[in-house]
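**Student:** Structure incoming, see below.
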Amino acid sequence: MSTGDLKAEADQARKIDSKYAAVAKAAKTVIASRDAKTLEDAKAALDGKKDEASKLLADSDRKVAGNTT
């Protein structure tokens, strides 16, 4: 293999490494976005359940034997 061939192969390897780095960066961005959405959805679901529980508690006020029950 000549020096020119080796240089060409090294250039090709650098290009592939650069493309791999770009794909890895994009994948990390997608995963971070997915995780943020999952967290946002979980918070929204928790807030909904909290509101539902608060309403149930308010609706039961003075309708049970003891308010601490």
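**Student:** So what's the angle, to the nearest 10 degrees on a 0 to 90 scale, between helix 3-59 and the longest Cα principal axis of the chain?
**Tutor:** Helix 3-59 sits at roughly 0 degrees to that axis.
**Student:** Now, a different point. So what is the 222 nm mean residue ellipticity for the chain from helices alone, if each DSSP H run of at least 4 adds -39500 (n - 2.57) and you divide by all residues, rounding to the nearest 500 deg cm²/dmol?
**Tutor:** Values: 1 runs with 57 residues, N = 69.
About -31000 deg cm²/dmol.
**Student:** When the chain is fully extended, how far beyond the present Cα-Cα distance does ALA27 get from GLU52, taking 0.36 nm per residue of separation?
**Tutor:** Contour length minus Cα-Cα distance gives 5.3 nm.
**Student:** Mind sorting out which of (1) 1.66; (2) 1.04; (3) 1.22 is the real Rg/Rh (Cα atoms, Kirkwood Rh) computed from the coordinates?
**Tutor:** It is the one labelled (1).
Bear in mind these aren't lab numbers, they're just calculated from the coordinates by the rules spelled out. Only a predicted model underlies this, so the values are computations on that prediction, with no experimental measurement involved.
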